[in-house]
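Participant: Below you'll find the structure I mean.
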Amino acid sequence: MGNADRKEKARACGYVTYTKNGQERVNLMQFNNALLKAVGVDLGASDENGSRGRAPTFRVSVHKNGNLLIGAAYTKKMGLKPGDEFEIKLGHHNIKLERVN
């Protein structure tokens, strides 16, 4: 496939998915990452579990509706399960969550 373009090569190697309405999507990013990995180049695009996404920054902001959302990355890192309860302690410039046993 020396004369083929990257998209044709990726398609031939199976880096293709289909959208809900049946349109073909060639996954060039996955194809390029696989090529780089095959020649020994690791870009560190995933965490230790192999998942993608942003790393937690340990900063959150209050939403327009006044809610404060703690993302799944933080709850996963702490090993929290659905139903775990916390007591909210308000400090002078902070909010502290204490787990209720």
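Participant: Cβ contacts < 6 Å: first residue loosely packed, with under 10 Cβ neighbours inside 10 Å, restricted to the stretch 50-65; second residue at pLDDT below 70, any location; separation 6+ or different chain. Result?
Facilitator: ARG52/SER46
Participant: Another question about this same structure. Please go through the stretch 44-73 and pick out each residue that is in contact with a Leu (Cβ under 9 Å, 6 or more places away or on another chain) and modelled with pLDDT of 85 or more.
Facilitator: SER61, VAL62, HIS63, ILE70
Participant: State which residue pairs qualify: first residue farther than 16 Å from LEU68 by Cα and inside the stretch 82-101, second residue among the small types (Gly, Ala, Ser) and in a strand (DSSP E or B) in any location, beta carbons under 9 Å apart, and separation of 6 or more residues or different chains.
Facilitator: Filtered contacts from the stretch 82-101: no entries.
Participant: At pLDDT below 90, of a type in the set (Lys, Arg) and either surrounded by 10 or more Cβ atoms within 10 Å (Cβ to Cβ) or outside the structural domain of ILE95 (by TED's automatic domain parsing) (or both): which single residue out of LYS7, LYS37 fits that description?
Facilitator: On inspection, the qualifying residue turns out to be LYS37.
The values are calculated or read from the model by the stated rules, or taken from the named source; none is laboratory data. None of the values given here were measured: they were computed from a predicted structure. Virtual Cβ from ideal backbone geometry, glycine too; neighbours counted across all protein chains shown.
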